[in-house]
1. If LEU174 satisfies all but one of (1) open to solvent by less than 80 Å² (accessible area, probe 1.4 Å); (2) assigned to a helix (DSSP H, G or I); (3) over 22 Å from MET208 (Cα atoms), what's the number of the condition it fails?
2. Show the residue pairs meeting these rules: Cβ distance below 8 Å; 6+ apart or different chains; first residue within the stretch 56-85 and closer than 16 Å to VAL2 by Cβ; second residue open to solvent by 80 Å² or more (accessible area, probe 1.4 Å).
3. Of the residues in the stretch 118-166, how many are among the acidic types (Asp, Glu) and surrounded by 15 or more Cβ atoms within 10 Å (Cβ to Cβ)?
4. Looking only at the stretch 187-217, which residues are open to solvent by 50 Å² or more (accessible area, probe 1.4 Å), over 19 Å from the mean Cα position of the chain (by Cα) and under 26 Å from ASN64 (Cβ atoms)?
5. I'd like to know if the stretch 80-94 contains one or more residues that are of a type in the set (Lys, Arg), in contact with a helix residue (DSSP H, G or I) (Cβ under 7 Å, 6 or more places away or on another chain) and more than 23 Å from HIS39 (Cβ to Cβ).
6. For the stretch 18-43, which residues satisfy the criterion of being among the aromatic types (Phe, Trp, Tyr) and either within 15 Å of TYR3 (Cβ to Cβ) or surrounded by fewer than 19 Cβ atoms within 10 Å (Cβ to Cβ) (or both)?
7. Could you identify the single residue in GLU165, GLU191, GLU185, GLU179 that is touching a Pro at 6+ places or on another chain (Cβ under 8 Å) and among the acidic types (Asp, Glu)?
8. Looking at the stretch 113-160, which of the residues that are in contact with a Cys (Cβ under 9 Å, 6 or more places away or on another chain) and among the aliphatic types (A, V, I, L, M) is nearest to PRO11 (Cα to Cα)?
Amino acid sequence: MVYLFQFTRSPQIPSISPFCLKLESWLKLHAIKYQNIDHKCKFRSRKGMLPFVEINGDEIADSNMIIETLAKKFDKEMPAQLSQDQKNVQHAMIAMVENHLHWTIVHWRSKDVDNTLKGYQLNLQTAIGSKAPASLLNFYFKYTFCRKGLKKVKAHGLGVHTPEEIEQFGKKDLQALSEMLGDKEFFFGDEPAMLDLVVYSHVAQLVMIEKDYPMLP
């Protein structure tokens, strides 16, 4: 049994972390038995990360390292059989999504606390198992989660740009992905590849939000 530690679920999306969502989707795709541990966001891996898993008493952190380790252990491969050229394209596109598009999403969620709390209908009392007043928790969330998010965006390099410019960066990434997908069911044909999981887990952060809340323009 794989024990999965990730962020608390919201009513709108299985996980507000694309890396947690990618990992859980991979586990489901390969029918690997796992248990989602409801730890109220209290635990992190020894590396300070979420997600992480425990299996046979061993801890594995970082979604990519977890997938690589479990794929070897359970002898699993993604259904799509890729040529070397396709593998190279996939590597480049995953890098774009996880190291560029990802930070435009972090910026959108961090610049306004409501984008996260209302968009995903997050109840912080439930999410972290606290009895503190919701107004106090929301204030704390704004000055911790949002501030940290914006600092990380700035450290990455995108933060030097205006919000409008960052938004355009994200739109260009999404346009490139849309053109690559075209009319195909999956990026490389009829079977899913890792790129499909990576893109799904990130795009979900923008579309699986409360229907009456304005989406990323």
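The values are calculated or read from the model by the stated rules, or taken from the named source; none is laboratory data. Since the structure is predicted, the reported quantities are computational estimates derived from the model, not experimental observations. Glycine gets a Cβ as well: all are built from the backbone with ideal geometry, and neighbour counts include every protein chain shown. Protein only, heavy atoms only, side chains kept; ligands, DNA and RNA dropped before computing areas. Shrake-Rupley method; radii C 1.70, N 1.55, O 1.52, S 1.80 Å.
1. Only one criterion in (1) open to solvent by less than 80 Å² (accessible area, probe 1.4 Å); (2) assigned to a helix (DSSP H, G or I); (3) over 22 Å from MET208 (Cα atoms) is unmet by LEU174, namely (3).
2. Correct list of pairs: GLU59/ARG46; ALA61/ARG46; ALA61/LYS47; ASP62/LYS47; ALA71/GLU77.
3. Total meeting the criteria: 0.
4. ASP190, GLU191
5. no
6. Answer for the stretch 18-43, where residues must be among the aromatic types (Phe, Trp, Tyr) and either within 15 Å of TYR3 (Cβ to Cβ) or surrounded by fewer than 19 Cβ atoms within 10 Å (Cβ to Cβ) (or both): TYR34, PHE43.
7. The conditions single out GLU191.
8. Per the stated criteria, the residue is ALA127.
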